[in-house]
Each structure stands twice: as structure tokens, then as C-alpha cells.
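Please treat every number below as a calculation from the coordinates, not as lab data. As the structure is a prediction and not an experimental result, all values here were calculated from the model. Neighbour counts are summed over all protein chains in view; Cβ atoms, including those assigned to glycine, are modelled from backbone coordinates with ideal geometry.
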Amino acid sequence: MDTSNPAILVNGNLLPMHVRKRVRTVIQVLNSERGSVIGKSTDDQQLVIKGSPPSTPLTNFVEVIGIADSDKSIQAEIWTNFGDNFGKQFLCPPLHYKVSPCYLKPGFLNTLFTLLNRCIFLQSALPTCEC
């Protein structure tokens, strides 16, 4: 893991506070146009990711690391495909070092995408489970 140039984990609401800084976010790809990708952030904000995506096709969920160049856009440096079913098999991390993960029930909106948003929005270290 390269720690020499860290990126701040943001969602759509936090992005404006980090313009001209190196950021990272996870988006759900909505549309891919020439030289840019339109995506939905974890808090349902529409973001524009500028730059050339990798030569492999983008999956439904993508992590992007780059420079925030406006309150709604990022100039991408690194693209990482997270697959098409991001978070469907998510297990909550042990809380307070207890070995008691809770399994998220299918059919509810408690996916990793939602937990990631909660974690980013509250800026907490670990997401909490409410099973």
C-alpha cells in the first residue's frame, strides 16, 4: 500500500470541501461518455469523473482516485473495478473487537454501498450494524 500520497475518502457532499486535493470515492457508473464517466456517489449525488478509464470495461461499481477539480467532478488518476454486485455478501466487521459479525439480510438497502456512505458521512472508522 502506497502511503506517500494519501487520498481523502469522500462522498458527494464532502467533495466540495476537498477541491484541488487528492480524493478517493466509490461510484455507481450511470453513463460513460468520451473522456468522462457520470456516476452516482454513495449519498446519491451525481459526479463527473474526468479522464480516460482503463482499457478494460468498467463494472457497475468503481473506485476512483484523483484530484477533485470542482465540487462535482474528479480528474481520475486510478480506476479500480469493484464488480457489478458490490456489497451483496458483506459482513459487518467485529465491533469493539468482539467476534460477532452480523449478516445483512437480502432485500434490504443495507448493502456495503449504504454502509460506506454512512461511514463516510459520519467520518467514523467502522460502520455499525443494525440487524
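Annotations
- Formal net charge of residues neighbouring GLN28 (Cβ-Cβ distance under 12 Å; K, R +1; D, E -1): -3
- Extension gain, SER4 to ASP71, is 21.6 nm, computed as 0.36 nm per intervening residue step minus the present C-alpha separation.
- 13 Å beta-carbon shell around GLY51, net charge (K/R +1, D/E -1): -1
- Projected label points at LEU30 and SER55, each 7 Å from Cα along the beta carbon direction, are separated by 3.1 nanometres.
- Net charge over other residues, Cβ less than 13 angstrom from the Cβ of THR80 (K, R count +1; D, E count -1): -1
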